[in-house]
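*Asks:* Handing you a structure now.
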């Protein structure tokens, strides 16, 4: 795996890989946050309350400062948190009538995981020189 990543760095360059992984993080973060908020609003039923939305979306929102300031360590922690959303998406995908929503959440969380880990690795290597 390490050899494959080193070959990838040689072919494309660290600057390009940092940019691509950052774009993947931003896109999948927005999609995942939208799906989580949508599910939070659907959970509450007829009553209008922000508590379920806040409970589902708060772990993602807490990483916004790290994403905005482009901190590799924050992206590494975001990758670990995205694993929870992968597991949750798989769980919802196997629930009756929730396959599409669960599959979309799993795909978005997997994109966030790959992008965040890629950004953490490539940006840290770029900063070291």
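*Asks:* Sticking with the crude label model, points 7 Å out along Cα→Cβ, report the distance from residue 125 to residue 9 in nm, one decimal please.
*Replies:* 0.4 nm
*Asks:* Still on this model: Using a 7 Å offset from Cα along Cα-Cβ at residue 114, what residues in segment 64-81 end up with backbone N under 14 Å from the label point?
*Replies:* Under cut-off, by backbone N: nothing.
*Asks:* Same structure, new question: Could you work out how far apart the two model spin labels at residue 94 and residue 81 are, taking each label as a point 7 Å from the Cα in the direction of the beta carbon, and quote it in nm?
*Replies:* Spacing of the two 7 Å Cα→Cβ label points: 2.6 nm.
*Asks:* Rounded to the nearest 10 degrees, what's the angle between the helix 14-43 long axis and the longest principal axis of the chain, both from Cα atoms, 0 to 90?
*Replies:* Approximately 10 degrees, to the nearest ten.
*Asks:* Note the listed values [x] 13, 40, 28, 14, 4, 1; [y] 13, 46, 35, 6, 0; [z] 11, 33, 39, 16, 1, 0, then indicate which one is P(r) over Cα pairs in 10 Å bins from 0, in percent calculated from this particular structure.
*Replies:* Of the labelled values, this structure produces [x].
*Asks:* For segment 93-114 and segment 22-39, what is the separation of their C-alpha centers, rounded to whole Å?
*Replies:* Each part reduced to its Cα centre gives a spacing of 12 Å.
*Asks:* Can you give the angle from 0 to 90° between the axis of helix 51-61 and the longest principal axis of the chain, with both taken from C-alpha atoms, to the nearest 10?
*Replies:* Taking Cα atoms only, the helix is inclined about 0 degrees.
*Asks:* Based on DSSP H runs of at least 4 residues, each adding -39500 (n - 2.57), what is the mean residue ellipticity at 222 nm of the chain after dividing by all its residues, to the nearest 500 deg cm²/dmol? Walk me through the intermediate numbers first.
*Replies:* Values: 6 runs with 110 residues, N = 129.
Calculated from helices alone, the mean residue ellipticity at 222 nm is -29000 deg cm²/dmol.
*Asks:* By how many degrees, 0 to 90 and rounded to 10, does the Cα axis of helix 99-128 deviate from the longest principal axis of the chain?
*Replies:* Relative to the chain, helix 99-128 is tipped by roughly 30 degrees.
*Asks:* Pairs of Cα atoms under 8 Å, at least six residues apart: use those to get the relative contact order of segment 1-118, whole percent. Mind dumping the intermediate values first?
*Replies:* Details: 114 pairs, mean separation 36.8, N = 118.
Reported relative contact order: 31 percent.
*Asks:* Rounded to the nearest 0.05, what FRET efficiency do residue 54 and residue 30 give with R0 = 30 Å and r taken as the Cβ-Cβ distance? Could you check? List each step's numbers first, then the result.
*Replies:* Working: r = 18 Å, r/R0 = 0.60.
Between residue 54 and residue 30 the formula returns 0.95.
Values in this text are rule-based calculations from the coordinates and carry no lab data. All values reported here derive from a predicted model rather than from experimental measurement. Counting neighbours? That spans all protein chains shown, and the Cβs are built from the backbone with ideal geometry, glycine included.
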